[in-house]
Every structure is written in structure tokens, then in C-alpha cells.
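The values are calculated or read from the model by the stated rules, or taken from the named source; none is laboratory data. The structure displayed is predicted, hence computed values, not measured ones. Here the Cβ is made from the backbone with ideal geometry for all residues, glycine too, and neighbour counts use every protein chain on show.
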Amino acid sequence: MARPIPYPNSVMKRCSVTKLWGGRFAGGVDPLAWQYNASISFDFRLAKVDIQGSKAWAKGLRKAGVIRADELDLILDGLEKISYEIEASEFYIQPADEDVHTAIERRLTELVGAAGGKLHTGRSRNDQVATDLALWMIEALEVIEKNIKEVQLSLIKRSEKDFGIIINGYTHLQQSQPILLSHWWLSHFWPLMRDRQRLAELKKRASVLPLGSGAMAGTPYPIDRKFLAAELGLDSISPNSIDAVANRDTVAEFLFTASLLAVHLSKLSEALILFSTAEFGFIHLSDAYTTGSSLMPQKKNPDTLELTRGKTGTIIGRLTGLLAALKGLPSSYDKDLQEDKMPLFETYDSLCLMLPVMAGLLESLEVDAGRIHSALNPAILATDLADYLVAKGIPFREAHSLVGQVIRKSEGLHVPLHQLPLKDFLAVNPAFTADVFDVFDFEKSISKRNLPGGTAPAAVQEQIALAKHLAGL
Ligand code: ARG
């Protein structure tokens with residue numbers, strides 16, 4: 001039977017090394033079981049926030065009279081030293097380091113001796129890891145928000161640069177009505193605005209302190225939890241210790257928000273892939289964001305957009321994976337919860353690439369105004385033709401049907417709608433007069449849609465101003 005690739009020998013030896021929780025264990029742990037259990041390979045990136053949490057906890061212990069002032073100083077100095085070691089890549093993970101929490105505590109004790117062993121008094125890795133996640137998440141949300149803002153800025157720049165270009169609008173991917181290209185670019189701005197709002201709300205919900213919940217029942221020491229929250233810049237303290245150590249709602253919410261954000265980027269990617277095909281030719285992607293084919297010399301592939309579309313599937317998968325991991329957990333902390341980190345970190349890492357790549361791609365692409373213009377089909381003014389009849393007093397439903405008959409005629413005669421002789425219009429209804437040909441004017445069509453949110457140039461100008469204002473650009 002195939003076995004998983006083992007850790008290098010040096011790491012395998014960890015099973016014989018003393019563990020922080022080793023007291024009640026007589027026998028060694030199976031090397032593979034140890035490898036299976038350990039999370040250090042992926043949770044070490046929590047080190048910075050773990051140290052932050054530990055500093056606050058040490059101060060809390062001092063305030064509660066659990067440790068002496070000199071011990072607090074030793075602990076704070078030691079933690080500071082560990083920060084420098086990590087920063088300088090001089091922190092060496094040891095075989096017995098199961099996770100980031102045990103690694104830092106082990107090093108602290110090496111540096112400051114017995115005082116280091118007092119840091120974990122009244123605390124559990126269960127409330128510790130939940131606290132780390134809250135702190136990490138708050139920083140991560142800010143980074144993602146900034147990256148979204150960059151994409152929003154690129155969309156605004158596009159809508160300003162391409163202002164005035166009229167393009168076929170599509171529903172069901174069929175030509176529908178003329179719109180300003182700027183209006184279309186902005187249609188991808190607003191979903192990102194909502195994503196940012198969701199992230200901002202999530203930040204508030206993440207700003208709750210689990211520390212002080214212990215393993216699950218709370219802590220017997222008189223720790224001032226509000227003080228801890230204030231030390232860590234969190235808004236409030238968790239109201240229930242059992243819930244506090246089990247709660248991964250913000251991770252799930254993060255993965256959902258990320259999924260929806262990715263869906264928005266993926267939809268835009270799909271449209272851009274389509275528009276960049278030889279058949280459409282509406283846009284030309286910059287060489288910087290495309291790749292060639294190893295076989296076909298003529299190819300310029302929109303790989304970055306395809307990857308965004310593809311990664312979106314993976315991100316959605318991580319959300320459903322976490323929800324499935326959470327749904328059967330009986331009470332408080334279960335080790336299943338360790339499975340929250342990989343999807344969280346991987347999704348964050350994906351977004352940190354997807355967003356700036358999209359921003360760069362948007363700014364560097366070229367719009368082919370000529371191709372867009374020549375693709376405009378007068379048939380997309382059929383709604384305007386119906387409105388023309390409405391202006392002559394014909395009820396819209398009837399006007400819709402009459403225009404339908406005119407279109408049937410134009411298709412039957414193989415004559416474009418706007419070139420159909422007046423007599424053919426008249427044969428359908430006497431309300432048509434010579435001014436019917438004035439309807440076939442794309443600019444006039446869009447200018448009429450001048451309500452807020454519409455595609456008229458004035459309305460789109462207002463929209464750009466609003467977008468800039470709300471996005472803080
Ligand atoms: N590495 C663990 C995690 O990420 C930390 C908490 C471990 N708690 C425990 N009781 N074993 O969830």
C-alpha cells in the first residue's frame with residue numbers, strides 16, 4: 001500500500017522528543033501520527049499575532065497577580081526577542097514544535113527560563129488560536145480591501161478613458177441594447193463595492209476577544225478580559241467560553257465573502273476572455289498578462305483571466321469544505337477546527353494575487369473602438385422603435401408586436417432594419433412616418449436613458465463621481 005511521503009529524518013525524530021503536553025504519556029507517538037497532528041507547517045504564519053496575544057496575556061496575568069513584575073518583564077523581553085528572530089529568519093523550528101503556539105512557548109522558556117513556563121497559566125491553545133485567528137483576520141481583511149480598491153480604481157480609469165464608446169449590451173449573450181462601454185466597466189465596479197462593505201462588516205464581527213475562555217470553561221484567574229481586548233485593539237469580549245473556542249464563523253464568512261468576490265472577478269474574466277477572442281476583437285490584452293502556446297505560434301492566451309476563473313472554483317470549494325468540517329462538531333473545541341487554517345490562508349494568498357493581476361490587466365488592455373463600433377447592430381434599437389410608436393399613442397404591448405412584425409419583414413427580405421423602405425414599415429402600421437429613420441441613432445438611444453443608474457453620458461458621469469466618492473478614490 002502506498003504510504004504518504006514521510007518528513008525528512010530529522011523531523012521524524014520528533015516523536016522521541018519531549019512534548020509540552022507529554023506528562024501523561026508513557027509511550028511515543030507514531031511518527032506519521034505526529035506528522036498528521038502537527039500544524040506548524042502551515043500555522044507558523046500566525047507567529048506575529050500569537051506573540052501579540054501572548055504579550056497581552058502576560059500583562060493580564062500580571063494585573064491578576066499571577067506573575068511578578070520581573071517575570072512579566074522577562075516574558076515581554078523574551079517575546080520581543082522571538083519577534084526579532086522570526087523577522088531575521090533566525091527562529092529555528094524544533095522537532096517537538098507541534099504548532100506555532102508550542103514553538104513560541106518552547107523558545108520563550110529557552111530564552112527566559114522558568115518565567116516562560118508561567119505564560120500559559122489559565123490559557124489554552126483553544127482560546128489562543130481563536131484569538132490569533134481574529135487578529136490575523138483583521139489584518140488580512142485590510143490588505144484585501146486595499147487590493148479591491150486598486151481594481152476599483154482600474155475600472156474607474158477605464159470608464160474615464162473609454163468614455164463615449166458605444167457598445168452592444170448583452171443579455172443571454174445576445175445583442176440587446178446599446179450602452180456606453182464606461183457603463184459596462186462600472187457594472188463590474190459596484191459588486192466590488194459590496195464586497196468591500198461585506199469585508200468591513202466582517203471586520204467588526206471578527207473584533208471579539210476569545211482569550212480568557214481557557215480550554216472551554218473559562219479561566220479561574222481574575223483576568224481583566226476587557227483590558228486584554230483593549231490591549232489587542234478588539235471591540236468586545238466573547239460572552240460564552242464554549243462558543244468562543246468553537247466559533248469559526250468569521251473564517252466561514254471570510255471564505256464566503258472571498259468566494260463572492262472571486263465570483264465577481266471570474267465573471268469579469270469570462271467577459272474579457274470573450275471580448276478578446278478573434279471573433280469579438282473588442283479588446284486586446286497586453287502581452288504582460290498573456291502567454292503563448294508551446295505549439296501554435298499565433299496564440300496569445302488569456303491565462304491570467306482563465307486562472308482567476310479557475311481559482312474561483314477552488315475558493316468556493318474551500319468554503320464548502322470548511323462548512324462541512326464545522327457541521328458535525330459536538331461542542332467547544334475539536335481538532336477538526338485545525339482544518340480552518342489552510343483554506344483561510346490559501347484563499348487569502350490567492351486573492352492577494354488575483355486582485356493586483358486583475359488591476360494591472362485592466363489598465364494595460366487596449367480597447368478596439370473600431371471593432372466595437374462596427375459590431376453595433378441597428379436591430380438593438382428595436383426597443384427604441386417600439387418607444388417611437390408609444391410616443392405616437394400606441395400602447396407598448398401593441399407597439400412591441402408591431403416592431404416584431406417589422407423585424408420579421410427585414411429578416412425575410414434580408415434587409416437591415418434601418419434600411420427597410422418606408423413602405424414596408426407602413427405596411428405594418430400607418431403610424432410609421434418618414435421620421436422613423438431618426439430612431440436609428442445609437443447616441444440618441446443611450447442619451448434618452450438619462451435616469452440615475454442609466455447609460456446616458458450625463459448619468460454615467462454622475463455614476464463615476466459617485467463611485468469615486470464611495471470608493472474613497
Ligand atoms: N493547532 C491547533 C489548531 O490549530 C491549536 C489548538 C490545539 N488545541 C488542542 N487542544 N490540541 O486548532
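Brief remarks on what is shown
- Within segment 144-160, the set of residues being surrounded by fewer than 18 Cβ atoms within 10 Å (Cβ to Cβ) and either touching a Ser or Thr at 6+ places or on another chain (Cβ under 9 Å) or free of Cβ contacts under 8 Å to residues at least 40 places away in the same chain (or both) comprises LYS146, GLU160.
Per-residue answers, yes or no, for (1) at pLDDT 95 or above; (2) in a loop (DSSP other than H, G, I, E, B); (3) within 16 Å of the ligand (Cβ to nearest atom):
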site: LEU46; (1), (2), (3): yes, no, yes
site: ALA58; (1), (2), (3): yes, no, no
site: LEU61; (1), (2), (3): yes, no, no
site: ILE86; (1), (2), (3): yes, no, no
site: PHE91; (1), (2), (3): yes, yes, no
site: PRO95; (1), (2), (3): no, yes, no
site: GLU110; (1), (2), (3): yes, no, no
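- Pair list, Cβ under 6 Å, 6 or more apart: segment 87-111 residue within 14 Å of ASP50 (Cα to Cα) and touching a residue at least 60 places away in the same chain (Cβ under 8 Å), other residue within 16 Å of the ligand (Cβ to nearest atom) and not in a helix (DSSP H, G or I): ASP99/SER39; THR102/LEU20; ALA103/ILE93; ALA103/ASP97
- THR308 vs. criteria β-branched (Val, Ile, Thr) and either over 30 Å from LYS157 (Cα atoms) or surrounded by fewer than 18 Cβ atoms within 10 Å (Cβ to Cβ) (or both): no
- Among (1) surrounded by fewer than 22 Cβ atoms within 10 Å (Cβ to Cβ); (2) over 15 Å from ALA271 (Cα atoms); (3) touching a helix residue (DSSP H, G or I) at 6+ places or on another chain (Cβ under 9 Å), the one test that GLN197 misses: (3)
- Unique match (being at pLDDT 95 or above, of a type in the set (A, V, I, L, M, F, W, C) and in contact with a helix residue (DSSP H, G or I) (Cβ under 7 Å, 6 or more places away or on another chain)) among ALA467, ALA458: ALA467
Rundown of residues vs (1) of a type in the set (A, V, I, L, M, F, W, C); (2) buried (at least 23 other Cβ atoms within 10 Å of the Cβ), yes/no style:
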{"position": "PRO95", "(1), (2)": "no, no"}
{"position": "VAL100", "(1), (2)": "yes, yes"}
{"position": "ALA103", "(1), (2)": "yes, yes"}
{"position": "ARG106", "(1), (2)": "no, no"}
{"position": "LEU111", "(1), (2)": "yes, no"}
{"position": "LYS118", "(1), (2)": "no, no"}
{"position": "GLY122", "(1), (2)": "no, no"}
{"position": "ASP127", "(1), (2)": "no, yes"}
{"position": "ALA130", "(1), (2)": "yes, yes"}
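- Checked against the criteria, LEU473 counts as in a loop (DSSP other than H, G, I, E, B) and closer than 30 Å to ARG196 by Cβ.
- When GLU339 is tested against (1) touching a residue at least 60 places away in the same chain (Cβ under 8 Å); (2) in contact with a Gly (Cβ under 9 Å, 6 or more places away or on another chain), exactly one condition is not met: (1).
- Contact map, segment 283-300: residues that are farther than 22 Å from SER374 by Cβ paired with residues that are among the acidic types (Asp, Glu) and surrounded by 10 or more Cβ atoms within 10 Å (Cβ to Cβ), Cβ distance under 7 Å, separation 6+ or inter-chain. Pairs shown: THR290/ASP303; THR291/ASP303.
A quick yes/no check of all residues on (1) surrounded by fewer than 22 Cβ atoms within 10 Å (Cβ to Cβ); (2) assigned to a helix (DSSP H, G or I); (3) among the polar types (S, T, N, Q):
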position: GLU142; (1), (2), (3): yes, yes, no
position: GLY169; (1), (2), (3): yes, no, no
position: GLN175; (1), (2), (3): yes, no, yes
position: ILE179; (1), (2), (3): no, no, no
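- Checking LEU376 against (1) surrounded by 13 or more Cβ atoms within 10 Å (Cβ to Cβ); (2) under 38 Å from the mean Cα position of the chain (by Cα); (3) in a helix (DSSP H, G or I), the condition it does not meet: (3)
- Candidates ALA325, ALA399, filtered to the one that is among the aliphatic types (A, V, I, L, M), modelled with pLDDT of 95 or more and within 16 Å of the ligand (Cβ to nearest atom): ALA325
- Filter result (within 16 Å of the ligand (Cβ to nearest atom) and more than 17 Å from the chain's Cα centre (by Cα)) within segment 328-367: LEU329, PRO330, SER331, SER332, TYR333, ASP334, LYS335, ASP336, LEU337, GLN338, GLU339
- Looking across segment 282-321, not a single residue is over 16 Å from the mean Cα position of the chain (by Cα), closer than 18 Å to LEU351 by Cα and hydrophobic (A, V, I, L, M, F, W, C).
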